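Throughout, read-outs are computed from the coordinates displayed, never taken from laboratory work. Since the model is a prediction, treat every value here as computed from it, not as a measurement. Virtual Cβ from ideal backbone geometry, glycine too; neighbours counted across all protein chains shown.
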Amino acid sequence: MEGLLQDAPKQLAPASECLPIEILDSDGDVDLYVEKKGKIRVSSKLLALHSPVLHRLLYGSFREAVDFANSTGKIYELNLPEDYYHGMLTLCKVFYHRQELPPNLEPVISYPGRMDYSAHDAQQAAVLKAQNKSRTFEYEMYKKSLQFRDFVLTCDKYQSTPVCSLYISSWLDSLMSHCEGAKWNNRPTPLAPFTIAECAVILRATGLYRRATKWIIQYTYANEQGTGFAYDIGSEHSLLPATFENEIMSAKAAYLGQISKETNRIVGHLSKVAALSLPYFDEKYLLSSEAELPSRPMHGHTDGDIPASNIDDDEGGYSWTTDYTPGLHDIALLTDFMGQMVALGVGSFAIKFRSLEENLQAVSCLAFWPAWQAMNSSDHADSCNACHIKIEEEVYKIFETIRGQIDGLEPPYWE
């Protein structure tokens, strides 16, 4: 008989007893068994105080409330298989004022502004090390942002958002400020703003949604065709609107279209001015008087209005076509401007997969290209259109105007 008892199968402990337990309240009377990952010991009174849903679950007419009432003297195990463990743990910590502070998200790397080619290998290694550190940091922050989204979902489900509003807003503001404050050119672009946009959807936070989508429009890379994101966000960010990707790409395309329109306006003006030179350079003129070509004046001349004074009204009538005689400077300016647009990928030559910010930076580079000043002459500033136009100011005006106009999306389904 003794041998038979020894061979009998032992009764297994319930699965929940084998899991780790986080004791937030040593006098707690409820163990929350969440997602089969662990248990959280808390006070039922505190849960009911801060969550109307948990109040009904423990003190209402649900089966769990009946079971809890009959568990006098014992710790009641409340099974929550559909909730996120980390989200529920954070929620309970907020109830007990033990939540983690918002992360301190200072930029973690800086790249050398000027490369010392005598120490090129060492600096290149330092840059690669900094890039890897930044990628690791941003990936860890992205994972934390996904966990925080689970917490926000838990808050919403249990109607505890008002209790947690200060913590939620400070955490999301810290993360969003980190993304807005860093320079992301040639750096790994964080995905956290997509998670922040999802949190805004859950919270119905219009300002936060617009703030996150503004960043996404400005800094996110596109695929090679420029028709969608460079990476698939659907699997991790299913809470975003179904039209989210199309709306972001459409907004980005609209700003790129404005850049093209404004740079083409300058190209159109320079072309109209240079076109006045055609009679002097056609085949008949060159064959009959090739010797006069070298004596063609460097700078243009006018006895009336200078063309650049009407650059914003080129579409209408203008009188300078009969008064202005272009010079080689006008032709060179058009050639250089078009060449730099192609080289930098500006306007009609924009590189589709680049972020909007990178395209704006290309416009800025176009504005500050040193060659614009090389042929300028103060003696001809009032007569030569190429000297008068101040091309760098016209281009930088485009940069400042478009960048100042960038805004986020309007939330589509709550107001």
Quiz item: What list do you get for Leu366, Leu89, Leu328 if you sort them by fewest beta carbons within 10 Å?
Solution: Leu328, Leu89, Leu366
Quiz item: What is the extension gain from Ile351 to His97, computed as 0.36 nm multiplied by their sequence separation minus the C-alpha to C-alpha distance, in nm to one decimal?
Solution: 86.5 nm
Exercise. Take each of the peptides 386-395, 252-261, average the number of other beta-carbon atoms within 10 Å over its residues, and list them starting from the highest.
Key: 386-395, 252-261
Exercise. Could you sort 171-181, 135-145, 370-380 so that the peptide with the highest average Cβ count within 10 Å comes first and the rest follow in order?
Key: 171-181, 135-145, 370-380
Quiz prompt | Net charge, Phe68 excluded, C-beta distance under 13 Å - Lys, Arg +1, Asp, Glu -1 | solution = -1
Exercise. Using packing as a proxy for protection, rank 219-230, 27-38 so that the peptide with the highest average count of other Cβ atoms within 10 Å comes first.
Key: 27-38, 219-230
Quiz item: Which whole-angstrom value gives the distance between the alpha carbon centres of region 32-55 and region 217-280?
Solution: 49
Quiz prompt | Charge tally in the Cβ shell below 10 Å around Leu146, where Lys, Arg are +1 and Asp, Glu are -1, Leu146 excluded | solution = 0
Exercise. Please quote Rg/Rh for region 164-243 to two decimal places, taking the Kirkwood radius as Rh and restricting both calculations to Cα atoms.
Key: 0.97
Quiz item: How many nm separate the modelled label positions at Arg403 and Gln361, each set 7 Å beyond the Cα in the direction of the Cβ?
Solution: 1.1
Quiz item: Taking a label point 7 Å from the Cα of Ser26 along the Cα→Cβ vector, which residues of region 61-87 have an amide N closer than 18 Å to it?
Solution: 75
Quiz item: Where does the charge balance sit around Cys365 when Lys and Arg score +1, Asp and Glu -1, over other residues with C-beta under 12 Å from its C-beta?
Solution: -2
Quiz item: Gain in length, Phe137 to Ser378, computed as 0.36 nm per residue apart minus the alpha-carbon separation, to one decimal in nm?
Solution: 81.5 nm
Quiz item: Can you sort Ile21, Ile398 by how many other beta carbons sit within 10 Å, fewest first?
Solution: Ile21, Ile398
Quiz item: So what are the ³J(HN,Hα) numbers for region 378-394, from phi and the Karplus equation (6.51, -1.76, 1.60; θ = phi - 60°), rounded to whole Hz, Gly and Pro as x?
Solution: 5, 5, 10, 5, 9, 10, 8, 4, 5, 6, 7, 5, 6, 4, 5, 5, 4
